[in-house]
1. Test of understanding: what is the full-extension gain from His107 to Ala244, defined as 0.36 nm times their sequence separation minus their Cα-Cα distance?
2. Distance in nm between label sites at Ser89 and Arg67, each 7 Å beyond Cα in the beta-carbon direction?
3. Between Gln204 and Ala274, with labels modelled 7 Å along Cα→Cβ, what's the label distance in nm to one decimal, could you check?
4. Collect residues whose amide H, placed 1.01 Å from N in the peptide plane, falls under 5 Å from the amide H of Arg106; neighbours closer than 5 in sequence don't count.
5. For the pair Leu264 and Ser314, what calculated FRET efficiency results from E = 1/(1 + (r/R0)^6), where r is the Cβ-Cβ distance and R0 = 25 Å, to the nearest 0.05?
6. Considering amide H positions built from the backbone, and no H for Pro or chain starts, which residues 5 or more places from Phe230, or on another chain, come under 5 Å of its amide H?
7. Applying a 10 Å radius around every beta-carbon, put 61-68, 86-93 in order of their mean neighbour count, most first.
8. Using r as the Cβ-Cβ distance of Glu282 and Ala184, and R0 as 41 Å, what FRET efficiency do you calculate, to the nearest 0.05?
Amino acid sequence: MLRLFCLFTLFFVASAQAEVRVLTSIKPLQLIAAAVQDGVGEPEVLLPPGASPHHYALRPSDVRRVRDADLLYWIGPDMEGFLPRVLGSRDKPQVAVQDLPGMTLRHFGDSHDEHDHDDHDDHDHEHAHAGDDLGHDHDHRPGSLDAHLWLAADNAKVIAARMAADLAKLDAANAARYAANLKAFEARLDALDGRIRPQLAALQGKPYFVFHEAFDYFEAVYGLKHAGVFSVLTEVQPGARHVAAMRKTLQQAGPSCVFSEPPLRPRLAETLTAGLPVKLAELDALGGALPVDASGYEQLLENLAGGLSDCLNSL
């Protein structure tokens, strides 16, 4: 009888401590989840580094992971276009974070109309945004949702709060830990904001260009604005007129920075900037090289601030 009681107790403890399996679609959501689960569990991510959320082809093993995860978080249909058709096989919670109450959402063209449409011919520019090196957003038409919403820390707080609440429901034994992790995460983000706000305030008015319109959320928080977008299709080299127009824009800007995103630098970058007082640098919106730990999300934002200030302060 005692042996049975001990076995039952061991089984109960093991069951109570079974880790909640959290799966996120992309790395930035995984980093937010890692802060909430710190010391309790480790979130998984669906997309490998460098994969496009719009054009990713799910493998059978991916479909199983989507089906089996206890909690699944994704941005929404404006980002991961491949996910809706497989989510129907899930009978567990799934959250499209773009729909969470309290999120601040931006749309392409929000207070950027006069900056993002350079003197390219209409045909070239219309298709320039249709696909870029990482293909994060296949639809940059004015008015469409800018799905890079994780680059505003206040949005990350909303996402983390939902994750903490969901985890507490499934794992009541660790509810206090999730709540404490959330509070600590929010405090660290406030401290980070206090550090990088003056650093970025000094950059206002310094010209820079991007190859992918991914950073508007971060820019809006810190009063920055890119001077133009040089989005180009990876498969198609832009015409001579388009290249000439982009070079003219850079010439008129004078000393400036042009930021691409790892892992790929557009083939056009060197041609576009050759002989001009322009520096090429990188900004990583996805945090592809960051370790998955409690401070990973803060490091993502800190790296953006550092990348911008390092290049622009060197002009």
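1. Separation in residues times 0.36 nm, less the Cα-Cα distance, equals 46.4 nm.
2. The modelled label-to-label distance comes out at 0.4 nm.
3. With each label point 7 Å from Cα toward Cβ, the separation is 3.9 nm.
4. Sorted by chain and number, the residues that satisfy this are Asp146.
5. Numbers: r = 23 Å, r/R0 = 0.93.
For Ser314 and Leu264, the calculated efficiency is 0.60.
6. The answer is Val210, Phe211, His212.
7. Values: 61-68: 14.2, 86-93: 11.5.
Going by the mean number of other Cβ atoms within 10 Å, highest first, we get 61-68, 86-93.
8. Efficiency at R0 = 41 Å is approximately 0.85.
Read-outs: derived from the displayed coordinates by stated rules, not from any lab. Keep in mind the model is a prediction, meaning the values are calculated, not measured. In this analysis, Cβ positions are derived from the backbone assuming ideal geometry, glycine residues included, and neighbour counts consider all displayed protein chains.
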